[in-house]
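Chemist: Below you will find the structure I want to go over with you.
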Amino acid sequence: MDDADAAGPPTRADARELDRADPLSDLRERFFLPEDEAYVDGNSLGLCSADAAAALDRAVEEWKTLAVRGWTDADPEWFTYGERLGARLAPLVGAAEEEVVVGNSTTVNIHTLVGTFYDPDRGEKIVVNSLDFPTDHYAIRAQLRAAGRDPDECLRVVESRDGRTIEEDDIVAAVDDDVGMVFLPSVLYRSGQLLDVERITRAAHDAGALAGFDLAHSVGVVPHDLSEHGVDFAVWCHYKYLNAGPGALAGLYVNERHFGVTPTLAGWWGHEKETQFEMRHTYTPADSAGAFQIGTPPILSAAPLDGALDVTEDAGIDALREKSLALTDFLVALVDDRLRDCEVGTPREASRRGGHVAVEHPEAYRISEALKERGVVADFRPPNVVRICPSPYYVGFEEVYDVVDAFREILDEGEYERYETRGGGVT
């Protein structure tokens with residue numbers, strides 16, 4: 001019998017004690033929490049904080065009072081908004097300040113980075129996996145077509161053995177001399193599996209390929225060391241764990257060894273700042289990740305991130321990761337103990353788990369609908385997953401206990417049977 005068995009199953013009293021001991025418990029007071037709801041969908045859209053709202057209000061006020069002068073006279077100036085936010089994000093992804101910039105959308109960033117760095121002479125194949133979020137494949141296939149290559153021939157898809165996870169040994173085995181690029185998520189959007197970015201990057205480089213990653217489901221909740229690991233490029237969004245609002249401007253990373261390259265999707269905001277307003281017809285890329293900005297940044301979409309980062313910086317990414325793992329450990333233990341008809345589809349090892357837990361059940365969609373009826377906001381992913389995300393920014397341990405309580409009652413009372421079977425949703 002191990003220590004966990006000796007301690008017995010987790011209880012509400014345990015949850016309350018964990019909440020009392022939580023050094024980040026005060027963070028939730030900075031968020032606008034839905035009334036009479038348990039919000040455990042922060043891996044899809046994070047909640048609004050007072051900090052994010054204040055930053056947006058400040059940008060609106062600057063627009064009112066400064067108008068066009070805001071580009072140079074706002075505090076901080078709008079002209080370098082993307083670079084300044086990139087510098088704030090750099091510690092979260094383990095990069096130098098000039099290697100990170102905020103701009104475009106995640107999908108646009110995949111297009112421009114893959115399109116820029118894909119070189120068939122390096123290797124025609126791009127390694128992806130069968131559990132990727134679809135937009136990654138759409139963009140990569142489009143860039144292969146633009147390069148005159150057949151996506152069916154050049155996309156090397158690493159298949160899942162169990163429908164939940166990807167074996168890293170299979171990824172490494174897929175990278176050979178025919179591969180020019182590996183592009184994978186840091187965390188699988190359905191199961192929450194965390195991939196070993198360092199190992200995959202090393203395997204890619206050993207084969208002479210480049211390594212790129214989609215950090216959408218890890219940035220803000222999992223620390224990264226992109227520069228130390230030698231990652232070539234990465235993309236991510238800010239509306240999930242970083243709580244920057246729906247449609248928030250995205251982020252990207254480019255290793256400094258690639259500075260000076262001309263992006264495939266070149267635009268005037270990626271021009272070197274010193275001569276940008278000389279309006280030259282010859283494009284000179286910024287000597288930084290800023291070169292991958294395309295059009296004028298939408299300040300009103302970027303401003304909430306400015307405030308949201310105040311919360312993240314005050315908490316510290318390592319402390320957020322520690323609490324996230326504690327919350328998901330507690331959730332997994334509760335599922336094991338109280339939801340006997342369910343399975344955990346997320347790796348149990350901390351080193352292989354992101355910030356959410358996939359709870360599997362054949363009636364997952366109808367259960368997710370019943371949960372919403374009870375005031376539990378989670379989400380469904382086909383074919384059989386209820387994703388539960390106890391965001392360390394604003395979810396407590398007793399709230400996780402309440403969510404599992406509701407889940408169990410729905411199963412025990414057959415409440416899900418009132419709902420039709422169908423699926424869908426956003427990432």
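Chemist: Can you find, within the stretch 171-185, the residue that is nearest to F233 (Cα to Cα) among those that are crowded, with 24+ Cβ neighbours inside 10 Å and of a type in the set (V, I, T)?
Modeler: Checking each candidate, the answer is V182.
Chemist: Can you tell me which of L195, L265, L242 is surrounded by 24 or more Cβ atoms within 10 Å (Cβ to Cβ), outside the structural domain of R321 (by TED's automatic domain parsing) and not acidic (D, E)? Full working, then the answer.
Modeler: Values: L195 fails: surrounded by 24 or more Cβ atoms within 10 Å (Cβ to Cβ); L265 fails: surrounded by 24 or more Cβ atoms within 10 Å (Cβ to Cβ).
Just a single option satisfies the conditions, and that option is L242.
Chemist: Which condition breaks for G42 when tested against (1) over 30 Å from E272 (Cα atoms); (2) more than 21 Å from the chain's Cα centre (by Cα); (3) of a type outside the set (A, V, I, L, M, F, W, C)?
Modeler: If we test G42 against (1) over 30 Å from E272 (Cα atoms); (2) more than 21 Å from the chain's Cα centre (by Cα); (3) of a type outside the set (A, V, I, L, M, F, W, C), just (2) comes out false.
Chemist: Still on this structure, I have one more. Can you go through R12, R69, R58 and tell me which one is outside the structural domain of I299 (by TED's automatic domain parsing) and basic (K, R)? Spell out how you get there, then give the answer.
Modeler: On the way: R69 fails: outside the structural domain of I299 (by TED's automatic domain parsing); R58 fails: outside the structural domain of I299 (by TED's automatic domain parsing).
Only one candidate qualifies: R12.
Chemist: I've got another one for you. Between a first residue in the stretch 32-51 that is of a type in the set (V, I, T) and a second residue that is buried (at least 20 other Cβ atoms within 10 Å of the Cβ), which pairs have beta carbons less than 6 Å apart while being 6 or more apart in sequence or on different chains?
Modeler: Filtered contacts from the stretch 32-51: V40/A378; V40/I388; V40/C389; V40/P390; V40/V403.
Chemist: Those residues that are surrounded by 15 or more Cβ atoms within 10 Å (Cβ to Cβ), within 26 Å of the chain's Cα centre (by Cα) and outside any helix (DSSP H, G or I), I need them from the stretch 10-25; list them, please.
Modeler: Answer for the stretch 10-25, where residues must be surrounded by 15 or more Cβ atoms within 10 Å (Cβ to Cβ), within 26 Å of the chain's Cα centre (by Cα) and outside any helix (DSSP H, G or I): D22, L24.
Chemist: A further question on this structure: So which of G270, G220 ends up being at pLDDT 95 or above, farther than 27 Å from V187 by Cβ and not hydrophobic (A, V, I, L, M, F, W, C)?
Modeler: On the way: G220 fails: farther than 27 Å from V187 by Cβ.
One residue alone meets the criteria, G270.
Chemist: Taking the stretch 72-89, which residues are surrounded by fewer than 21 Cβ atoms within 10 Å (Cβ to Cβ) and among the small types (G, A, S)?
Modeler: A74, A87
Chemist: For the stretch 214-234, which positions are over 9 Å from the mean Cα position of the chain (by Cα) and crowded, with 24+ Cβ neighbours inside 10 Å?
Modeler: H224, L226, V231, F233, A234
Chemist: When you check T312 against the structure, is it of a type outside the set (A, V, I, L, M, F, W, C) and surrounded by fewer than 20 Cβ atoms within 10 Å (Cβ to Cβ), yes or no?
Modeler: Working: of a type outside the set (A, V, I, L, M, F, W, C): yes; surrounded by fewer than 20 Cβ atoms within 10 Å (Cβ to Cβ): no.
No.
Chemist: Follow-up. Could you please let me know if A87 is hydrophobic (A, V, I, L, M, F, W, C) and modelled with pLDDT under 95?
Modeler: On the way: hydrophobic (A, V, I, L, M, F, W, C): yes; modelled with pLDDT under 95: no.
The answer is no for A87.
The values are calculated or read from the model by the stated rules, or taken from the named source; none is laboratory data. Fair warning: this is a prediction, and the values are worked out from it, not measured in the lab. With ideal geometry, Cβ positions are generated from the backbone for all residues, glycine too; neighbour counts draw on all protein chains shown.
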